[in-house]
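So the structure is just underneath, and the comments pick up after that.
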Amino acid sequence: MVPETPAAAAALSVVRRFCSPALLNHCIRSYLWGAMYGAVHRIAYDDELFYVSALLHDIGLTEAFDSHTVPFEEAGGQFAWVFGTAAGWPVERAARAEEIITLHMREDVSAAADPEAHLLQVATSWETVGRHAGQFPADARAEMLARYPRLGFGREFLASFEDQARRKPVSAAAASVRNDLAARSAANPLEGP
């Protein structure tokens, strides 16, 4: 069950408008995987804040919101701040969405330090390179992919990161590409046989 708030509905409208079908499904799956992981590990988190952050975390990879000057996660975080304040959130809450999105591409954050950023890191690293595979049972994987298929997400994501790496060589995306993102993505169990 997803949060039913005006900000949650607006975030879904934004990603439906600006993300490709593969990226849209990835963002939704990222929230659902993170919520699943959080429930199993009894991690208390702000559901609306996590949902909005998960949906908007890759908005900086879209043509409309890609920045030529900052890494995609920073552009996406800044977009989330604008989105949050426009949705009527206090500035501090909007800043949390920005922080969560920026942190999802940084070093691991513990659940104790930042539960929402931790959940987004776990979910997106599972989605992109298959990290934490043991946390997500085969039946849950099959059900999730039936509801929200990948639609070539792995190829699209790799192409986006390679593009980011070329244009922003000191970014986290570039570091991921240098760290053999292509091979790690291909080995992801979510990519299928």
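Worth a mention:
- Failed item, numbered, when Ala172 is tested on (1) open to solvent by 20 Å² or more (accessible area, probe 1.4 Å); (2) at pLDDT 95 or above: (2)
- Filtered residue count, region 1-34, keeping only those that are aromatic (Phe, Trp, Tyr) and surrounded by fewer than 22 Cβ atoms within 10 Å (Cβ to Cβ): 1
- Candidates Tyr45, Tyr51 - the one that is closer than 15 Å to Val14 by Cα and open to solvent by 10 Å² or more (accessible area, probe 1.4 Å): Tyr51
- Subset of region 142-155 [open to solvent by less than 70 Å² (accessible area, probe 1.4 Å) and either modelled with pLDDT under 95 or not charged (D, E, K, R) (or both)]: Ala142, Met144, Leu145, Tyr148, Pro149, Gly152, Phe153, Gly154
- From Gly60, Gly76, Gly38, residue being farther than 28 Å from Ala165 by Cα and buried (at least 18 other Cβ atoms within 10 Å of the Cβ): Gly38
- Residues that are out of contact with any Asp or Glu (no Cβ under 8 Å at 6 or more places or on another chain), modelled with pLDDT of 95 or more and among the β-branched types (Val, Ile, Thr) do occur in region 112-122, at least one of them.
- Residue in region 33-46 that is charged (D, E, K, R), under 23 Å from Val122 (Cα atoms) and either assigned to a helix (DSSP H, G or I) or touching a Leu at 6+ places or on another chain (Cβ under 6 Å) (or both) present: no
The values are calculated or read from the model by the stated rules, or taken from the named source; none is laboratory data. Everything numeric here is computed off the predicted structure, so don't read it as measured data. For neighbour counting, all protein chains shown are included, and Cβ atoms are generated from backbone atoms with ideal geometry for every residue, glycine included. Each accessible area value is taken on the protein alone, full model and side chains, heavy atoms only, with ligands, DNA and RNA left out. Shrake-Rupley method; radii C 1.70, N 1.55, O 1.52, S 1.80 Å.
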